[in-house]
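Everything on this sheet refers to the single structure shown next.
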């Protein structure tokens, strides 16, 4: 049932988007198609939400004459389906096998005791890395060596945090708040709402960082490349091009005297040169085969670059998550990267914006809860509204 619900939810999501049957949501970058789902004159090979009621009647044998019921099923069923499909995917990852986007293969997690996640606090490190990105510099001794970058981390993290949530929920059911919490906090219903909004807001901001930077949890095959991945892909693409034109990529220098194509990081690894050097710690499936024990391997870059790596990096370069208000996406110097906004951009931006709105809602309801507790909350006196004393227009 969860699988069927997930398929129906995903299908309706595609219908809302107006995606064509021979194209995918990722590849359908035409901004003009975004709102075609509400156009009853769409071409035959795309869906229209105007005709959704007819689809419901064909699938389930029932039509909704009451539009409120139709809207309820249009909104509630897809959301519920997506939740159920997410639970189903997690269940498959934990019990059977899952597709590892890093190694590009279907396999089971090889860390059944979840020692990797538990002993190295990967999620904590990743969170600190996101919050302290500006200070995450090797010369400041603030390097966080572990990140969520393989299947074991994802599976272990879900099990570990899920266990913490279950235990924490049971503990909070059986206990009452500490004395300091009872004194410091207020307890009307609106206060509970404000606390929940604050929690959702924080996790919205954290999820924004994860979506934007992490291409393992949010694989590039689904969401498009990350910003660092697109930058590294541009450097790699030009390295391949110039190397074929005769450039010595191992010794060529740029205008600043640093390596034009390759250079050393502060830790001694060989990395791509140019502006993309700031993204030197990127890990991407198309780039990892070219690494050696000391970073990028010059001999592999000269002899072992495969066509699929060139194609993948070119796609990452031209689909960078850099969409702007005029819908020009991708690397600015790439002529084909026009009228495209990455799904990763949409997802990260929506998490940030909704997280901010939730934070504003937290402030609003927290203030009202405090006012209610203090006893000075005042509503509008409807007996003295100005409209009651105005002369009728007739």
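One Cα centroid belongs to the range 186-206, the other to the range 262-321; the line between them spans 42 Å.
As a rough guide to protection, the peptides 251-258, 175-182, 312-319 ranked by mean Cβ packing within 10 Å, highest first, stand as 312-319, 251-258, 175-182. The Rg/Rh ratio of the range 258-322, with Rg taken over Cα atoms and Rh as the Kirkwood radius over Cα pairs, comes to 0.95. By the count of neighbouring beta-carbon atoms within 10 Å, fewest first, 174, 282, 298 end up ordered 174, 298, 282. Dimensions of the range 157-238 along the principal axes, based on C-alpha atoms and rounded to the nearest Å, stand at 63, 26, 20, largest first.
Computed from the coordinates by the stated procedures, all read-outs in this text should not be read as laboratory data. Just so we're clear, the structure is a prediction, and the values are computed from it rather than from any experiment. Quick reminder, even Gly has a Cβ in these numbers, built from the backbone with ideal geometry, and neighbours come from all protein chains shown.
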